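Here is the structure we will look at, set down as structure tokens.
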Amino acid sequence: MDNTKQMPKAVEAENAVIGALMLDSRSFQEIESIVSTDDFYTEKNRILFETISNINRNRGVVDMITVMQELIRVGKLDEIGGAFAISELSTMVSSSSHIKYHAQIIKDKSIARRIITLTSVVQDKAFEQSSDIAETVEFLEKSITEVNSNTSEISSITLSEAIKKSTDKAAEIQSLRERGIDISIKTGLTELNREFNGGFRAPDLIIIGGRPSMGKTQFALHFAKHAAYSNKQVLFISIEMTSSQLADRLLLEDDRISMYNLRTGNLSNDEWKYLDKRAGELYDLNINIADNHNIRYINNIKSEARRMKRKNKLDIMFIDYLGLIRTNMKFGTRDLEIGYITGELKNLAKELNIPIVLLSQLSRPPKGVSVKEPVLDDLRESGNIEQDADVVLFIHRPSYYDSSVTNSNGDSWDNKGKLIISKYREGARNRDIIFKHDDKFKKIFDDDQQQPAIESRFKKVEYKDQSMPF
């Protein structure tokens, strides 16, 4: 860094904001979402803003007298220059009409300082020849996301602050609900939405486990599609299948289109008509698919998620599937590596404030052994997975193994299955959600619902075959 350059700052704007807050205490609500204490450059203004924030949290009135009394109480009046400094700031502005403009200037200067500090640290890491360059790249990627989303502060908060955040969040949810906006992410299954208090929620790590051929990818597509129906932005990490294969599955939900004809170039004129119609319906789904061959590395998954979050194009992420994710790191056992991966994904869900749906393969049952419903112990490396997961769902289709099997009422399991809620941090566990599906397991729907017509409300599908910067 050039030591002759000064850090960006706007002390005049800071003074104006502090003065405006003491002139009109109601103006605090206009800027509390823009600036925080650490955004102020001078120690004096940091102390004053924190004092004003505390008075507001306690529902007090902010003016020159109350600020001075609070500073006396905490023993910091002399640190800011005494009563004269408060008087000087409170008389330097005539109104609070420009407070948001001045607050944004303060914020911009604060971000500039953080960028300067960040790039200096990154340079030091890059010059360090013994450091792992992959870790340096991830540090840079994560730090840029934090600067952009203003989530890098690591500090404890009081219980009263946590309660205020909770009640404010409840008020925000209700306000959005009254305007027809739902923050939960719908699953497309009514009973599952009910069990999850509306649907998938941030920052949950949701594991969907199943034995081979149980329909894990189809369920992930079903959930992704219904999230997009709710106008949510979806990122689908596909390690096993290409984006074209996933698109084929969505197109072939229309039973009038033959998979054989689609794959062999034998579509009839009518099938082309149905295909064009289906493609038009799907075209505007808010789903991005990442299928680059390097997407299997956990650092690349995190990088792409952060990139999409910075572009405001990420509300939920699906990963197909856990067993194929790699780390480029050495572990004594695969169990330890899996534990590292699930821990990183849980941290990512919290960092980006999104739900992450992670598919996991269960072992195939031995031949000749009756197939039981999956339990947590069936998860490969289940100890680590269960520890990090907020939700564990198992897919079980009894008729796949025995077409004659019936339920306790003697009804056939044909074209039926169950989602078993084996773990749920915020609700009941060991609950079964019964679902139906069509003959070829292309569509999934509620148990009490007839096979639905092809949906007509869709958002864009954007393919990213080789465009990812790996």
If I ask for residues that are closer than 20 Å to ILE115 by Cα and free of Cβ contacts under 8 Å to residues at least 12 places away in the same chain, which ones from segment 129-145 would you list? ILE133, GLU135
Does ALA13 fit the bill of being more than 30 Å from GLN123 (Cβ to Cβ) and of a type outside the set (Ser, Thr, Tyr)? no
Out of all the residues in segment 197-215, which are farther than 21 Å from LYS309 by Cα and surrounded by 23 or more Cβ atoms within 10 Å (Cβ to Cβ)? ILE207, ILE208, GLY209, GLY210
Would you mind stating whether ILE301 is buried (at least 22 other Cβ atoms within 10 Å of the Cβ), in contact (Cβ under 8 Å) with a residue 40 or more places away in the chain and more than 24 Å from ILE133 (Cα to Cα)? no
Given the residues ALA16, ALA85, which is the only one that is assigned to a helix (DSSP H, G or I), modelled with pLDDT of 90 or more and in the same structural domain as GLU172 (by TED's automatic domain parsing)? ALA16
Please name all residue pairs, on different chains or six or more residues apart, with Cβ atoms under 6 Å, provided the first residue is in segment 20-47 and is without any contact (Cβ under 8 Å) to a residue 40 or more places away in the chain and the second residue is among the aromatic types (Phe, Trp, Tyr). THR37/PHE49; ARG46/PHE40
Leading residue by the ranking (modelled with the highest pLDDT) among those in segment 150-181 that are farther than 15 Å from ARG57 by Cβ and of a type in the set (A, V, I, L, M, F, W, C): ALA171
For ILE319: the one exception among (1) under 16 Å from the mean Cα position of the chain (by Cα); (2) more than 18 Å from ASN288 (Cα to Cα); (3) among the β-branched types (Val, Ile, Thr): (2)
In this structure, is LYS9 within 21 Å of ILE111 (Cα to Cα) and free of Cβ contacts under 8 Å to residues at least 60 places away in the same chain? no
Positions within segment 158-209 being among the hydroxyl-bearing types (Ser, Thr, Tyr) and either assigned by TED's automatic domain parsing to the domain that holds ILE421 or closer than 15 Å to ASP315 by Cβ (or both), in sequence order: SER184, THR187, THR190
Give me the residue from segment 114-149 that is modelled with pLDDT under 75 and not acidic (Asp, Glu) and, out of that set, farthest from PRO8 (Cα to Cα). SER130
Quickly run through segment 400-443 and pick out the residues that are of a type in the set (S, T, N, Q), touching a strand residue (DSSP E or B) at 6+ places or on another chain (Cβ under 9 Å) and surrounded by fewer than 19 Cβ atoms within 10 Å (Cβ to Cβ). SER403, SER404, THR406, ASN407, SER412, ASN415, ASN430
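Conditions (1) assigned to a helix (DSSP H, G or I); (2) at pLDDT 90 or above; (3) over 19 Å from the mean Cα position of the chain (by Cα), marked per residue:
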residue: ALA349; (1), (2), (3): yes, yes, no
residue: VAL357; (1), (2), (3): no, yes, no
residue: PRO366; (1), (2), (3): no, no, yes
residue: VAL369; (1), (2), (3): no, no, yes
residue: GLU373; (1), (2), (3): no, no, yes
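For every residue, the table says whether it meets (1) in contact (Cβ under 8 Å) with a residue 60 or more places away in the chain; (2) hydroxyl-bearing (Ser, Thr, Tyr).
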residue: ASN231; (1), (2): yes, no
residue: VAL234; (1), (2): yes, no
residue: THR242; (1), (2): yes, yes
residue: LEU262; (1), (2): no, no
residue: GLY265; (1), (2): no, no
Name the residue, out of ARG57, ARG46, that is under 33 Å from the mean Cα position of the chain (by Cα) and crowded, with 17+ Cβ neighbours inside 10 Å. ARG46
Subset of segment 307-328 (residues that are within 15 Å of VAL357 (Cα to Cα) and outside any helix (DSSP H, G or I)): LEU314, ASP315, ILE316, MET317, PHE318, ILE319, ASP320, TYR321, ILE325
Please verify whether segment 81-90 includes one or more residues that are surrounded by 14 or more Cβ atoms within 10 Å (Cβ to Cβ), among the polar types (S, T, N, Q) and within 16 Å of GLN29 (Cβ to Cβ). no
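The values are calculated or read from the model by the stated rules, or taken from the named source; none is laboratory data. Quick caveat, the model's predicted, so the values are computed rather than measured. Glycine gets a Cβ as well: all are built from the backbone with ideal geometry, and neighbour counts include every protein chain shown.
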